[in-house]
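Scroll down for the structure; my scribbles are underneath it.
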Amino acid sequence: MEKGPSSSEPSVKWSVLFFLCVVVLWQLLLPVFKIPSYLLPTPLAILAEFQTRGGFIFANFLPTFYETVLGFLIGALIGVVSGLGIVYSKILWLTIYPSLVVIGSIPRIAIAPLILIWIGIDSIWSKVTIAFLVAFFPMVVNSVAGFSHIEGEMLDLAKTMGMKPWTEFRKIRLPNSLPYLFAGFKASIALAVIGAVVAEFVSGQQGLGYLIIIGNNDLNAALIFASITVLSAMSLGLFGIIVGLEKVLMPWRRGIYPSDL
Amino acid sequence: MANLIEYERVRKIYNSGNDEVIALEEVSFGVAPGEFVTVVGRSGCGKSTLLKITAGLLPVTGGAVRVAGVPVQAPLTNIGMVFQSPVLLAWRKALDNVLLQIEARGLNVGAYRKRALELLELSGLRGFENKYPNELSGGMQQRVSISRALIHDPSLLLMDEPFGALDAITRDEMNLELLKIWSESKNTVMFITHSIPEAVFLGDRVVVMTPRPGKVAEIMTIDLPRPRTTALRDDPKFIGYMRKIRESLGVQ
């Protein structure tokens with residue numbers, strides 16, 4: 001397998017060190033250049049924001065977290081089921097799949113206000129639906145690819161082995177789909193976060209997206225940065241869970257990335 | 001003894017848009033039980049098509065193929081098949097790839113484990129049973145694929161340029177190993193290749209095919225002793241067969 005510019009593995013140690021250096025420079029250089037705190041707060045000011053309003057931030061983290069996770073899970077489930085339907089049903093392949101591609105080209109974020117009107121601005125489900133709509137598409141496309149991108153000769157071989165369709169699915173198509181599904185999960189989880197935050201921007205009720213809007217109105221950049229920090233940590237954590245699952249479920253692919261497909 | 005495979009005026013026409021491509025034209029010959037038949041020809045002479053038709057993976061346009069007296073109309077399931085690419089499942093270790101054949105048939109996997117290990121050892125893969133395909137070289141992957149094709153002891157083994165992607169040195173080694181394994185199992189083999197020396201070295205008979213339309217130019221009996229050895233490649237008779245095949249292929 002090809003590696004990066006140098007042949008050594010990217011390491012957590014070095015990236016953490018790099019990150020810390022950036023934070024320290026950020027803290028030290030802001031006063032030097034006299035940048036006002038409503039434009040860019042120092043890392044210590046963001047930390048102070050966590051100390052004074054930690055409970056408030058956490059209370060707004062929970063709805064965002066639920067919206068993201070529910071939107072992702074529903075998107076993943078419906079995405080995989082639709083993928084199966086499209087691969088196994090010629091009618092769905094001919095009708096749904098092409099229209100999905102067309103629908104997929106609509107910027108889903110643009111219909112967020114509509115969804116809020118339809119489902120209700122107070123309900124968590126309107127935001128879950130927006131997160132779902134954004135997260136769903138890469139899942140369909142990836143599961144269709146995963147269940148159908150199989151060497152023709154492998155399928156020929158399965159026929160000469162007298163394999164039944166259900167056995168073929170369990171022993172060939174399902175494991176074959178895993179790398180594609182996980183590539184889809186990774187794209188979807190990042191999109192679900194975006195969907196949830198945008199839904200909160202528009203609805204302005206609660207959640208980290210809502211906090212960012214408040215911070216914006218109050219010219220409180222520290223609150224905005226604190227919210228972004230929590231959002232990033234959440235994204236990273238969810239992404240990490242998926243990567244961990246991937247390593248457990250696909251021991252044959254350790255160290256191989258989806259870009260190799 | 002009656003032939004195991006009987007080709008009777010087999011025709012195959014591919015339709016692509018308005019174009020008709022005649023892949024096989026009036027192919028007739030037979031393969032006796034236990035015989036090792038090699039089919040040699042240029043790319044596009046229809047030799048792979050002939051193999052797929054034999055396996056029941058493609059329908060004929062005209063004529064008939066009979067295996068053990070029965071016309072082939074659906075994929076045959078009592079055969080072993082090897083393709084040019086090893087088509088292993090990336091998520092299965094070598095041993096489990098061999099045992100896929102057994103699982104697919106709903107047979108008792110435990111009962112075949114010993115035989116799978118024997119086959120892997122016979123093909124020089126002792127100690128590699130628990131490696132994933134991406135940890136094996138191309139030659140090793142193809143050995144796994146051959147073991148998989150033999151584990152259920154099929155009476156007919158169909159091989160479609162199995163060594164075509166290997167380097168010449170590995171290929172010669174694989175030829176010897178294949179003959180070693182075959183001398184044990186003695187199944188009937190149809191072996192497709194575009195290598196003239198490979199066809200002569202392996203076969204009891206060589207079917208020479210020419211393209212556009214794909215048809216049999218000549219069938220040559222190879223009267224060389226078995227077990228065949230590397231030294232045979234320098235034998236004047238061996239060289240004579242190669243020259244005759246080149247002539248009938250029209251190689252300048």
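None of the figures in this text is laboratory data; all of them are computed from the coordinates on show. Fair warning: this is a prediction, and the values are worked out from it, not measured in the lab. Cβ: placed from backbone, ideal geometry, glycine included. Neighbour counts: every protein chain shown.
Where nothing but the Cβ of Lys and Arg (+1) and of Asp and Glu (-1) is charged, how large is the charge dipole of the protein assembly as shown around its Cα centre, in debye to the nearest 20?
Dipole about the Cα centre, nearest 20: 400 debye.
List, in order, the whole-Hz ³J(HN,Hα) value for each residue of the stretch A:233-247 obtained from phi through the Karplus relation with A = 6.51, B = -1.76, C = 1.60 and θ = phi - 60°; use x for Gly and Pro.
So the J values, rounded to whole Hz, are 4, 5, 4, 4, x, 5, 4, x, 4, 5, 4, x, 4, 4, 5.
Calculate the dipole size of chain B relative to its Cα centre from +1 charges on Lys and Arg beta carbons and -1 charges on Asp and Glu beta carbons; express the result in debye to the nearest 20.
The calculated dipole for chain B is roughly 160 debye.
Label-point separation (nm) for residue B:247 and residue A:219, each offset 7 Å from Cα along Cα-to-Cβ?
Taking the simple label geometry, residue B:247 and residue A:219 are separated by 10.0 nm.
Express in nm, to one decimal, how much length is gained between residue B:180 and residue B:77 on full extension, taking 0.36 nm for each residue of separation and deducting their alpha carbon distance.
Going from the current span to full extension adds 34.6 nm.
Mean-square fluctuation check for chain B, GNM, Cα pairs under 10 Å: which of B:16, B:43, B:137 is largest?
B:16
Once you've got the GNM for chain A with C-alpha springs shorter than 10 Å, pick whichever of A:238, A:133, A:77 has the biggest mean-square fluctuation.
The residue that fluctuates most here is A:77.
Using 12 Å as the cut-off for backbone N distance, which residues of the stretch B:180-198 belong to the label zone defined by a point 7 Å from the Cα of residue B:32 along Cα→Cβ?
No residue passes the distance filter.
What's the local net charge at residue B:223, with K and R +1, D and E -1, over the other residues with C-beta under 13 Å away?
Around residue B:223, the charge tally is +3.
Nearest 10 degrees is fine. How inclined is helix A:90-104 to the longest principal axis of chain A, computing both from alpha carbons?
It is inclined by approximately 20 degrees.
Put +1 on the Cβ of every Lys and Arg and -1 on every Asp and Glu Cβ in the protein assembly as shown; which of A:121, A:188, B:64 then has its Cα farthest towards the positive end of the dipole?
Farthest towards the positive end: B:64.
Given H placed on each backbone N at 1.01 Å, which residues far from residue B:39 in sequence or on other chains put an amide H within less than 5 Å of it?
B:191, B:192, B:193, B:207
Which listed residue (A:142, A:41, A:106) has the Cα farthest towards the positive end of the charge dipole for chain A, taking +1 on Lys and Arg C-beta and -1 on Asp and Glu C-beta about the Cα centre?
Towards the positive end, the residue furthest out is A:142.
For chain B, take the longest principal axis of its alpha carbons; what is the angle in degrees between that and the long axis of helix B:94-104, to the nearest 10 within 0 to 90?
70 degrees
Distance cut-off 30 Å, Cα to Cα: go down the list A:13/A:247; B:186/B:237; B:47/B:186; A:164/B:180; A:159/B:186 and report the pairs above it.
Pairs exceeding 30 Å: A:164/B:180.
Report the relative contact order of chain B, percent, no decimals, based on alpha-carbon pairs under 8 angstrom and at least 6 residues apart.
Here the relative contact order equals 26 percent.
Relative contact order for the stretch A:70-250 using alpha-carbon pairs under 8 Å, separation at least 6, rounded to a whole percent?
Contact order relative to length: 25 percent.
So what's the back-of-envelope 222 nm ellipticity for chain A, counting only DSSP H runs of four-plus at -39500 (n - 2.57) apiece and dividing by all residues, rounded to 500?
So the helix-based figure for chain A works out to -26000 deg cm²/dmol.
Under unit Cβ charges (Lys, Arg +1; Asp, Glu -1), what dipole magnitude, rounded to 20 debye, does the stretch B:158-212 have relative to its Cα centre?
Dipole about the Cα centre, nearest 20: 260 debye.
How far is helix B:138-150 tilted, in degrees, relative to the longest principal axis of the Cα atoms in chain B, given as a value from 0 to 90 rounded to the nearest 10?
Compared with the principal axis, the helix lies near 90 degrees.
If the elastic network links every pair of Cα atoms under 10 Å, which of A:58, A:182, A:19 fluctuates the most in the Gaussian network model of chain A?
A:19
Taking square-rooted eigenvalues a ≥ b ≥ c of the alpha carbon gyration tensor, is chain A rounded, prolate or oblate, where a/c under 1.5 means rounded and, failing that, a/b exceeding b/c means prolate?
It is oblate, given that a/c is not under 1.5 and a/b is not larger than b/c.
Within the stretch B:156-176, whose backbone N sits under 14 Å from a point 7 Å along Cα→Cβ of residue B:230?
Counting only backbone N, you get B:168-176.
Let me make sure I get this right: for the stretch B:177-252, a, b and c are the square roots of the gyration tensor eigenvalues over alpha carbons, sorted descending. Under 1.5 in a/c it's rounded, otherwise prolate if a/b > b/c, else oblate. Which is it?
Oblate, because a/c is 1.5 or more while a/b does not exceed b/c.
Other chains near B:72-79: what is the mean number of their Cβ atoms within 10 Å of each residue's Cβ?
Mean partner shielding for this stretch: 3.
Once Lys and Arg get +1 and Asp and Glu get -1 on their Cβ, which of B:111, B:210, B:191 lies farthest toward the positive end of the dipole of chain B?
B:111
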